[in-house]
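What follows is one structure encoded as C-alpha cells, with my remarks underneath.
The values are calculated or read from the model by the stated rules, or taken from the named source; none is laboratory data. The shown structure was predicted, so the numbers you read here are calculated from the model rather than taken from an experiment. When we count neighbours, we look across all protein chains shown, and the Cβ atoms used for this are built from the backbone with ideal geometry, even at glycine. These area figures cover heavy atoms from the full protein model, side chains too; ligands, DNA and RNA do not enter into them. Shrake-Rupley method; radii C 1.70, N 1.55, O 1.52, S 1.80 Å.
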Amino acid sequence: VRPFNGDVQSDVPTILAINPDRFFGDLTVLSNSKCFRVLKLPFKWQVKLLAIFWPSNINELTRFANFYNPGDNKHLIEVQVQLRTFLRKFLVSLYSRLKVDCVIGSAVHNRQDFDWGLVSDEIGVPYIVLHKENIYMPGGYELLYEKYKKQGKFRGSQIVVHNDMMKDFFIKSGFCNSDNISALGCLRMDEFVKKVRLPDRNISRKKTDYHRKRVTLFSFTYGYMQVGLSGFEEMVHFPKHRDKGFVKLFENVHTSIAKLAIKNKDVDFVIKPKWGGSWIDEIKYVFSKNNIESKRIDNLFIDSDVNVHDLILESDVICAFTSTTVLESAIAAKPVIIPYFDEALKAEYNMLIEFKDDFHFMDIANSPDEFERLIIER
C-alpha cells in the first residue's frame, strides 16, 4: 500500500493486512503515516489457500460460534488441525521473506481470518484486529453475548475498537480481557474531519462535473440475525430464499433510485455496496424483477470500490439505512434521507434499526413515494 507520495519506508515495522478490502481506507492512513510499511494479501490468494483444506460445505458443518470453538465436532477439528499445521510452516517462511512484524484483520468474526491470525500469534507475529463493527445497539447486542461466550476467548494479541461501548461489550461477554482490547477511535475519520472543515471541500470534483447534482445511496443488505435457543447464531446477509429480513425494503429503495435516475437525466445517481460479487448481483436481481435495465441508464453507477468519504463530500444528497455513513454524512452537513418503511416498521426488526433516537436529525421517508419525493426536494 503506497503512501500519498509513493515513497515506501524500509526502516519501519512491516504490517501485513489480510482480507484487505474490508478495511475501508485504514490501510492508506497507516501507510501515509510513514510509521509502517503496509502490505496487503489479495483476498483471492487467501481463499485459494483455504480451499485446499476447507470442505465446500463448511457453512453447513458449523454455526458461527462452533467454528471458533468446535467442541466435539471431529470433522471440523481435523480440518482445522490440517490447515494450522500447513500455516505454521508456510507463514514462518512467508513472514521471514517479507520481513513481516505484525498481521492485521478487520473484524473478530471473519472466519477466513481466524486460523491465519491464530497461527500468526502462535509463531510470534502479533495478530491485531481493527474491528470495523462499532455501532452499539443495546437490544441487538444483548443477543450477541451468548454467541461470544460460546466462541471462547479471542485468539490474537489485541482488538482495537472505535469506542468504549464496544470495548465494554467485548469484556462483559468474556470474549477478551481488558488488557488485550483498546478503544482508539476510527483511523479514517481524522482526515475526513479535516476535509469537512475546509471551506473549499468540494475542490476535488472535476470542473466539468460542477453543474451535475449527485445522489448517493449507501446500499445495505437485507439480511437478518439468525437466532437460536441460546441467542444469536449467525448473520445472514442475503438469505437464499429472499424470505427473511429487509427484503421488500431493499427492493423498493434500490428500484426507487433507478427510477429517479431514469426520470432525472441531469442528475448522477450512485449506489455504493460495501463489496461486489453477490451484493451487486442482488441489486441487479431486483432491477430485473422490476423490468429495469441498469446498463441502459447512463447516469446510474453501481460501484463498490469508490472511496466512501470522497463520495460523501462530492454528493448533494445521501441515502442510507443502518450505516455509519448516516453519521459521517451528517457531520459533513449533507442532507441525509433514511428509508423507514416496509419491514423496517415490523416489531421483530425493531432492534436492528440503528439511530432511531436520532431520527429527528435526518429526513425520514415513510414510503417509497415519500423517499423519491424527499430526494428530489433535497
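A few notes on this one:
- The conditions of being over 17 Å from PRO70 (Cα atoms) and either crowded, with 16+ Cβ neighbours inside 10 Å or touching a strand residue (DSSP E or B) at 6+ places or on another chain (Cβ under 9 Å) (or both) are met by LYS99.
- The stretch 258-285 residues that are over 16 Å from GLU377 (Cα atoms) and modelled with pLDDT of 95 or more, paired with ones that are in a strand (DSSP E or B) and basic (Lys, Arg) (beta carbon under 9 Å, 6 or more apart): VAL270/ARG214
- Condition met for ASP243 (of a type in the set (Asp, Glu), at pLDDT 75 or above and open to solvent by 20 Å² or more (accessible area, probe 1.4 Å)): yes
- Of all residues making up the stretch 333-378, the number that are hydrophobic (A, V, I, L, M, F, W, C) and at pLDDT 95 or above: 10
- Verdict on ASP72 being without any contact (Cβ under 8 Å) to a residue 40 or more places away in the chain, exposed (fewer than 13 other Cβ atoms within 10 Å of the Cβ), closer than 22 Å to PHE154 by Cα and out of contact with any helix residue (DSSP H, G or I) (no Cβ under 7 Å at 6 or more places or on another chain): yes
- One residue from PHE321, PHE301 being of a type in the set (Phe, Trp, Tyr) and either over 19 Å from GLU133 (Cβ atoms) or in contact with a Lys or Arg (Cβ under 7 Å, 6 or more places away or on another chain) (or both): PHE301
- Qualifying residue in the stretch 335-342 (condition: in contact with a Ser or Thr (Cβ under 6 Å, 6 or more places away or on another chain) and closer than 17 Å to VAL253 by Cα): yes
- Neighbours by Cβ (under 7 Å, 6+ apart or cross-chain): first from the stretch 35-61, within 25 Å of GLU78 (Cβ to Cβ); second assigned to a helix (DSSP H, G or I) and among the β-branched types (Val, Ile, Thr): PHE53/VAL79; TRP54/VAL79; PRO55/VAL79
- Flag if ILE297 is modelled with pLDDT of 95 or more and in contact with a strand residue (DSSP E or B) (Cβ under 7 Å, 6 or more places away or on another chain): no
- Pair list, Cβ < 8 Å and 6+ apart or interchain, from the stretch 94-116 residues that are basic (Lys, Arg) to residues that are buried (at least 20 other Cβ atoms within 10 Å of the Cβ): ARG111/PHE67
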